[in-house]
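Chemist: Could you have a look at this structure, given as structure tokens, before my questions?
Quick note: the coordinates plus some simple rules give every number you see, no bench work behind them. Everything numeric here is computed off the predicted structure, so don't read it as measured data. Here Cβ is always computed from backbone atoms with ideal geometry, including for glycine, and neighbour counts include all displayed protein chains.
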Amino acid sequence: MPPFQHHIFFCTNERSADDPKGSCVQRGATALHAHAKEACFKAGLKGAVRVNKAGCLDTCAQGPAAVVYGEKDLPSGVWYALNTKEDVDDVIQQHLIGGNVVERLRMKLKG
Ligand code: FES
């Protein structure tokens, strides 16, 4: 049995301000990651959900990027664009607790 039911990885990559690609940190990823850690703890998910930082997930143009891996989400995971704390809360409540993908926040991935 895996140690966690879900992992959620937040891109916390930061590029220089003059880089035209921008980065998730420039779009608020640091605060969103911190909010996810606190919200998961408050929801009693310690030990069940691991909230991690990741480098660039190569989906920079779609906003602050996060990917959830859980037994039902393998092998490719569920990729989200999370722009607000409310978006993070919806993923925690609906996906990590409820087991349902939040389609409105799902990224459009190539191939
Ligand atoms: S900088 Fe976050 S996905 Fe590339």
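Chemist: Between Ala61 and Phe41, what is 0.36 nm times their sequence separation minus the Cα-Cα distance? Round to one decimal in nm.
Modeler: Values: separation 20, 0.36 × 20 = 7.20 nm, distance 2.97 nm.
Working it through step by step, the gained length comes to 4.2 nm.
Chemist: While we're on this one: Rounded to two decimals, what ratio of Rg to Rh does segment 8-111 give with C-alpha atoms and a Kirkwood Rh?
Modeler: Values: Rg = 13.1 Å, Rh = 13.7 Å.
On the Cα set of segment 8-111, Rg over Rh gives 0.95.
Chemist: Next question, about the same structure. Sort the following peptides by mean Cβ neighbour count (other Cβ atoms within 10 Å, averaged over residues), highest first: 30-37, 16-23. Before the final figure, lay out the partial values.
Modeler: Values: 30-37: 18.9, 16-23: 9.9.
The packing order, highest mean first, is 30-37, 16-23.
Chemist: Based on the alpha-carbon gyration tensor of segment 22-69 and its eigenvalue square roots a ≥ b ≥ c, which shape applies: rounded if a/c is under 1.5, prolate if not and a/b is larger than b/c, or oblate? Walk me through the intermediate numbers first.
Modeler: Numbers: a/c = 3.15, a/b = 1.93, b/c = 1.63.
Since a/c reaches 1.5 and a/b is larger than b/c, the shape of segment 22-69 is classed as prolate.
Chemist: Related question: Using 7 Å Cα-to-Cβ label points, what is the Glu14/Ala31 separation (nm, one decimal)?
Modeler: That separation, rounded to one decimal, is 1.5 nm.
Chemist: What's the exposure ranking of Lys108, Lys53, going from fewest to most Cβ atoms within 10 Å?
Modeler: Lys108, Lys53
Chemist: Charges only on Cβ, +1 for Lys and Arg, -1 for Asp and Glu: so what's the dipole of the chain about the Cα centre, in debye to the nearest 20? Please report the intermediate quantities before stating the final value.
Modeler: On the way: 14 positive and 12 negative charges, 23 e Å.
So the magnitude is around 100 debye.
Chemist: A further question on this structure: Given only helices, namely DSSP H runs of n ≥ 4 each adding -39500 (n - 2.57), what is the per-residue ellipticity at 222 nm of the chain, to the nearest 500 deg cm²/dmol?
Modeler: Values: 2 runs with 20 residues, N = 111.
Rounded to the nearest 500, the figure is -5500 deg cm²/dmol.
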